[in-house]
Amino acid sequence: MASSSPTKFSWRTLFSKIILITSTLIQYSNGCFTSIISFGDSLADTGNLLHLLDQSNKTPPNFAFPPYGETYFDSPTGRCSDGRLIIDFIAQYYGLPFVPPYIGGRNASNRSFLKGVNFAVAGATALDVEFFEERGVHNAWTNVSLRVQLGLFKQLLPSLCQTSSDCKELLQNSLVLLGEIGGNDYNNPFFAGESIEHIQSYVSPVISAIGSATSHNEQLQIELNQIQQLNPDATIIYADYYHAAMQFYRSPKEFGFAMGALTVCCGGGGSYNYNPLVECGRQPSTVGNDPAGYASWDGLHLTEAAYRWIFRAQYFGLPFLPPYIGGKNGSDISFGKGVNFAVAGATALDAAFFEERGVYNPLTNVSLGTQLGWFKKVLPSLCQSSSDCRELLQSSLILLGEIGGNDYNYPFFAGQSIEEIQQYVSPVIGTIASVIKELIELGAVTLMVPGNLPIGCSSSYLTLFKGSNKEEYDPETGCLTWLNKFAEYHNELLRNELNLIQHLNPHATIIYADYYNAAMQLYRSPKKFGFTRGALSACCGGGGSYNYNPSVQCGIPPSTVSGEPSLYVNWDGLHLTEAAYRWIFRGLFEGPYTIPQINNTLCGSRAQIAGDMSNPISMASSSPTTFPWKTLLSLVLIFSSVPIHTKGCFTSIISFGDSLTDTGNLVHLSAQSNKPPPNFGLPPYGETYFHGPTGRSSDGRLIVDFIAQYFGLPFLPPFIGGKNGSDISFCKGVNFAVAGATALEAAFFEERGVYNRLTNVSLGTQLGWFKKVLPSLSQSSSDCRELLQSSLILLGEIGGNDYNHPFFAGQSIEEIQQYVSPVIGTIASVIKELIELGAVTLMVPGNLPIGCSSSYLTLFKGSNKEEYDPETGCLTWLNKFAEYHNELLRNELNLIQQLNPHATIIYADYYNAAMQLYHSPKKFGFTRGALNACCGGGGSYNYNPSVLCGIPPSTVSAEPSLYVNWDGLHLTEAAYRWIFRGLFEGPYTIPHIIPCVAQEH
């Protein structure tokens, strides 16, 4: 493995060189890492080989031609897929730009590499080219090896940092992605006709493999473990691509691959549609209409949809939890990364409690106390000392439950009355609390405690109490309301107890997992979540009204089972299907159903744990929480967590609005009118993500961009830029928003002496454009309705400029307040027309807190001190005005919703999503504060209306991510990212967004 032969490559040598200059602790910065440094082959190459061949005047590779890149980028980028690669999903997950190829950018400014650089080259090998040439194997693509890539990295490094300490700091903040690499060391000999025996004889320099991928991976893991032991200050993560991929090869349809996992989407024919003589991108190859239906893209590489699945399989980077009983007796099962003490049928209270009351458990006498005893018994074997045990527990998530359900199930099924059973709730909660306290004393700092499910919706309870008074059933769901109220009573007492424990242990984080409401969404709208067979009948059972028969349980003949469990919420009358558990998981980890809410940036750093402990979060807090879990210790896990299943959510996004959403329309309008470009058409706009101006009023992405990426859709093209015969496609979305646009018509303001110097475009104008282009996007009116039904309509933010222009023209707040009602009326009118056209899902944002805007703070500087919020420094009267607009908007949306129950109208609470940044800027990484503009012409808030950002002599800070405000009027990409996360991962939408089965980034 560690051979030093000149022609052989040593993994240990490479890792040692990287580890010598990389992190002792992984830092957290507005995500986890500030940059990504990547090495590898075509699975990670984002354009290097393409640029290498271009520089050498060689024929471009097949992946330089369509249909490569079509799914996400709309054109080839040098990636060997129809869209994004795993490295792209990783970058997006950490809020970083796509990693630029080194070759394509090396002769430009090194500034472009500050947030990442990619050395991966398609066709690259781990071993040097000479190794293969000596054996008669030639690489048709490139002579680049992993050693060459490392050399390029070492050559570039000094230009990215000033001193050796700067370089160490850069690398400490970077994720180094080393591979996949090694595949071509086998591919090339195999395709050259070498026998497996020959290949077996020289693969050992890669990592002592014996010819199969599994063996390669096993040996790689062994080597990584050895390197980890020699470098305890570093964190080496093995990414198990093999098993992550095997899951969809075994069950392709379950993962949405309707066309199968083996047949190629783009190829030249044959049994698997792969022909090495007719590669994808070369004539006469053909391509499937829907790459997302395939796992394999071109015969050698996978589709974006498959790479997304592999990325998501690494979500926690932890294996499934082994059961304690199965592994405790000399088994080779390791508990180093987690252990599960949960037992089906277990109760919180001891068996003796129930036996004294004539209730017997037919399954087990295991209680929560029994499980805690097992845990305390096994703990010393997992750590060497008490301090090690505390450290282990500090880096672990303790999942305590769900527990308590069986403490009520058995008495109910034994015929006890609800009055008798209600007396058990207090001792059940007391037992759970006692265990939590003991775990905290042992060193636990992060505990998740689920509540009970809505038992009134359970097939078993519906069968047991069938024939109840009709008034006892919820007319919307069909569930028994009195049983659900009982579950809510348990949950209320549990939450109260958790609040008390949290108050007494501020260094710990106790998370309440709201299983009840996460499940209730499925019962209220089963079809919305894909449960077309309903939510109350069991998929597997012995017949009856709800297909539950306690005498003929699932698995016992003559019970029957449906062929499509994913269409059911209930599995066997007592438990739910995997599909339902997946939705509950997503409601917790990507939705609003935990208190405090979980921010899924999982960073493995003890420093972060210490940070969390020093800044405790109240149970009542709505702020997202970041947890650096290395281990998942589950004490009671009755219901399984399962991988997330994704299918399409929206096929397109149609956007209206102003500069908070405009992705280029005003810039194109100005060009068409031969007017000078607006200031946001000039640098430094766009510098953070796009490396140049795009017409967006920020340093990078806007909220609409994050939404598009979230749903796996391309950035929305501006309508004006693509309407006149351009090859820009609107099939996956179109943006009508125009910077400076108002909801009301320009004539309304001109009559009142207010003039818009940027544009005369109104919301009505944008709706007119949309209605004009709609027929070109569909063949018939029914097609148009279908298009709109599968689209997310983002209506705004709009209305802000209806107030901005009059305020800046000097009108009084009393005058401007009269405009709010007609503004809301106009927005409502457009919503109604869109619904009539077929729209069913509309997101309507409210206004931002304008009293915190640098421009308004400058305009009204010198106001009475009492008019400023002492906590934030914002002008309270202006924020109250924004709240007034938002209140009227919400009332109107509620009315439209009542009149259109088939539609879903989502209020996006931009105001409160942004206010969290103004209340605690440093908590969100904004160390330069929330009120000063990053780019501006000076002054108290660095905003000068006479010297706008982008116009000399304005200046810009080198670190926009440390500011909330970008140019005085608009926010930075970093701030927009937090607002987006508040909407899609937090509580700032009404109703809450349950992440639909989305094609996510």
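The values are calculated or read from the model by the stated rules, or taken from the named source; none is laboratory data. Small disclaimer: the values here were computed from a predicted structure and weren't measured. Here the Cβ is made from the backbone with ideal geometry for all residues, glycine too, and neighbour counts use every protein chain on show. Keep in mind that these areas ignore ligands, DNA and RNA; they rest on the heavy atoms of the full protein, side chains included. Shrake-Rupley method; radii C 1.70, N 1.55, O 1.52, S 1.80 Å.
Overall, the ratio between the Cα radius of gyration of region 672-814 and 2.2 N^0.38 Å, rounded to two decimals, is 1.16. Once the 1.4 Å probe is applied to the protein heavy atoms, region 915-1001 comes out at 34 Å² accessible per residue.
Solvent-accessible surface of region 765-897, taken per residue with a 1.4 Å probe and all protein chains present: 41 Å².
State, as an integer percentage, the relative contact order of region 760-844 based on alpha-carbon contacts under 8 Å between residues 6 or more apart. Taking the mean separation of contacting Cα pairs over the length of region 760-844, I get 47 percent. Per residue, region 437-479 exposes an accessible area of 40 Å² to a 1.4 Å probe, with every protein chain left in place. Legend: calculated FRET efficiency, residue 815 to residue 785, from the Cβ-Cβ distance at R0 = 35 Å, rounded to 0.05, equals 0.25. In plain terms, the chain from residue 578 to residue 130 could stretch by 156.2 nm, reckoned as 0.36 nm per residue minus the Cα-Cα distance. Figure note: 271, 566 ranked by solvent-accessible area, largest first, 1.4 Å probe, ligands and nucleic acids not counted: 271, 566. Heavy-atom accessible area with a 1.4 Å probe sorts 861, 922, largest first, into 922, 861.
Using C-alpha pairs under 8 Å with a sequence gap of at least 6, the mean separation divided by the residue count of region 353-491 gives a relative contact order of 26 percent.
Spin-label model, residue 485 to residue 672: label points 7 Å out along the Cα-to-beta-carbon direction sit 6.1 nm apart. Note on exposure: 490, 902 ranked by accessible area (1.4 Å probe, complete protein assembly) read 902, 490, with the most exposed listed first. The 3J(HN,Hα) values that the Karplus relation (6.51, -1.76, 1.60; θ = phi - 60°) gives for region 922-936 are, in residue order, 5, 4, 9, x, 8, 6, 8, x, 10, 9, 7, 6, 6, 10, x Hz. Gly and Pro appear as x.
Between residue 867 and residue 836, the modelled label-to-label distance comes to 4.3 nm, taking each label 7 Å out from Cα in the direction of the beta carbon. Cβ-Cβ distance of residue 470 and residue 776, R₀ of 60 Å, FRET efficiency by 1/(1 + (r/R0)^6): the value works out to about 0.70.
Relative contact order of region 847-1000: 24 percent, from C-alpha pairs under 8 Å at least 6 residues apart in sequence. Site pair residue 387 and residue 258 shows an inter-label distance of 6.0 nm when each label is modelled 7 Å from Cα along Cα→Cβ. Split the accessible area of region 792-917 by element, probe 1.4 Å, and carbon with sulfur accounts for 49%. Taking only protein heavy atoms and a 1.4 Å probe, the accessible area of region 141-183 is 53% carbon and sulfur.
Find the centroid of the Cα atoms in region 947-996 and in region 877-910, then give the distance between the two in whole Å. Answer, in whole Å: 22.
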